[in-house]
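First comes the structure, then the notes that go with it.
The values are calculated or read from the model by the stated rules, or taken from the named source; none is laboratory data. Here the structure is a predicted model, which means the values were calculated and not measured. Using ideal geometry, Cβ is built from the backbone for each residue, glycine included, and neighbour counts are taken over all protein chains shown. Each accessible area value is taken on the protein alone, full model and side chains, heavy atoms only, with ligands, DNA and RNA left out. Shrake-Rupley method; radii C 1.70, N 1.55, O 1.52, S 1.80 Å.
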Amino acid sequence: MEPATATAPRSWSPQHVCLIALYSMRFALRSGGGIMFLLIFLTVGLSVASLFITPLEELVKIDGPDGMSASELSITILESDMVAKAVEWITNSDSVQSEYLLEKKPALLSAILLILLIAVPFTTCFGAFNQTSGDIASRGLRYLLLRTERANIFLGRFVGVLMFTIVSMIGTMLVIILYVQFKVGAYPGVELWSWGFQGLTAVFFLSLPYIALCAWISCLLDTPFGSLAICLLISGFSLVILYLLKLTLLTSTTADPESLAWLFKTVPWGWKYELLDGTPTVRVVAILAMLGFTAAFLFLGLRHFQKRDL
Amino acid sequence: MAEGKRPGGLTALAVLNFVFGGLGAIGALGMLALFGAANAATDGAAGELMSEGMSEAGLSGGMLMVTMVLAVVSSILLIISGVGYIKLKRGLGRNMGSLYGILALVGTAIGIVGGQPFGLSSIIGLIYPLLTLILVNTTFKEDLVN
């Protein structure tokens with residue numbers, strides 16, 4: 001009989017992580033969760049786009065062929081003061097940022113991205129909730145443990161889900177950008193595609209900590225549904241708690257709302273609009289914050305996964 | 001893969017088929033019943049009003065009938081293929097699922113030719129048929145063999 005070390009390497013191996021990630025990504029479509037995520041992400045993404053584009057198209061119809069085109073309408077409406085005020089309120093920023101989003105960048109795509117970034121944390125949970133919990137429940141991981149280390153399984157599954165999420169995001173963004181370019185025709189192609197790519201990057205970096213959070217929760221619980229419920233609750237309830245805390249501090253102290261903005265920076269949600277900021281340094285800080293949250297959640301998850309009964 | 005265990009994805013597709021098929025059938029039959037009842041109660045006045053409205057929107061009565069028939073047939077195919085997915089059947093599952101996907105694509109094309117506007121809602125409506133068409137002929141091809 002060969003020694004155990006010959007079949008079960010004791011160290012972290014990038015090859016094993018890649019292998020597990022590729023298999024996990026391919027297997028995602030065979031699992032119910034993967035199909036549901038794909039369906040939910042595509043539907044939510046396109047519905048958000050439809051929320052802005054369909055009314056514009058309807059307005060063009062009302063005006064008739066001699067009225068304004070969809071592109072002229074979108075520019076007129078989305079660059080109005082009312083929309084600028086709404087963007088400032090949503091992003092909790094100043095007029096410089098709203099001007100950047102609505103006048104310097106394709107406004108229609110900016111509006112879609114602002115709402116899409118609200119949906120991403122929740123939709124991501126549907127694709128990432130079952131990274132290890134299902135296999136922990138069925139004791140299926142024990143066969144894998146004969147051939148590789150726990151860290152490789154944990155990180156491999158995380159990377160696999162991440163790749164599947166990226167593919168879904170690229171598909172959704174491609175449909176939206178192609179539609180805006182060819183059907184609405186409001187913006188120059190290069191401007192639209194470069195802003196679309198930056199938006200895709202923002203969506204990707206925002207989803208990172210939530211996938212890592214799901215990886216952690218998934219190895220804590222051995223029921224996939226429980227994992228999904230807890231992930232969604234953490235993503236949503238943390239915001240409610242922070243909002244209530246802010247309200248309490250505002251009513252009990254003399255602090256002004258601006259000085260309490262840091263409260264929301266304690267969760268990834270609070271950094272999401274900085275990913276679309278016009279100042280490169282602000283964007284870099286937001287990306288670093290997202291990577292920091294991801295590393296923290298992965299560390300906590302990996303530490304638990306190394307010790308738990310599989 | 002012969003007589004294998006059913007993948008979770010196929011079970012999810014079957015459940016979605018039952019949900020979408022059931023909702024589609026209820027919607028189409030409910031609409032037919034509503035039109036029929038309204039027409040009977042108003043001695044045909046409701047039907048005339050509806051056809052006037054449709055002409056203004058650039059649609060024909062025949063087109064509406066084709067769309068309604070396609071919706072009912074799609075719903076039936078969804079439910080039949082759902083049963084096929086559960087039983088891992090090639091004919092009931094893969095073939096009927098593919099037929100549903102093709103029918104939905106053809107239905108959308110007919111609608112566009114007939115004057116219905118093509119927008120993001122049409123694309124959202126095509127997500128599930130396209131996904132079904134791709135999945136049953138690639139990912140689950142080896143599972144639907146009974």
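Shape class of the protein assembly as shown from the Cα gyration tensor (axes a ≥ b ≥ c, square roots of the eigenvalues): oblate, since a/c reaches 1.5 or more and a/b does not exceed b/c. Of the DSSP H helices in chain A, those that are both long (alpha-carbon extent of 18 Å or more along the helix axis) and hydrophobic (Kyte-Doolittle mean at least 0.0) are A:14-28, A:32-63, A:107-128, A:150-179, A:189-220, A:224-252, A:280-307. For peptide B:127-138, the mean count of partner chain Cβ atoms within 10 Å of a residue's Cβ comes to 2.
Per-residue mean of foreign Cβ neighbours for A:171-181 is 1 (Cβ atoms of other chains, 10 Å radius). Pairs over the 28 Å Cα-Cα cut-off, from the set A:LYS85/A:LYS272; A:LYS265/A:LYS307; A:LYS307/B:LYS141: A:LYS265/A:LYS307; A:LYS307/B:LYS141. With all protein chains in place and a 1.4 Å probe, the accessible surface of the stretch A:14-307 carries 71 percent carbon and sulfur. In terms of its Cα atoms, the stretch B:8-139 spans 50, 29, 21 Å along the principal axes, sorted from long to short.
Label separation (A:SER11 vs B:PHE118): 5.7 nm, computed from points 7 Å beyond Cα along the C-beta direction. In chain A, Cα pairs under 8 Å separated by at least six residues give a relative contact order of 25 percent.
Highest-first packing order for the peptide set B:128-135, B:24-31 is B:128-135, B:24-31, based on the mean count of other beta carbon atoms within 10 Å. Note that the protein assembly as shown presents 49 Å² accessible area per residue, ligands and nucleic acids not counted, probe 1.4 Å. Legend: helices of chain B (whole DSSP H runs) are marked when their alpha-carbon atoms reach 24 angstrom or more along the helix axis and their mean Kyte-Doolittle hydropathy is at least 1.0; marked are B:8-41, B:61-86, B:96-113, B:120-137.
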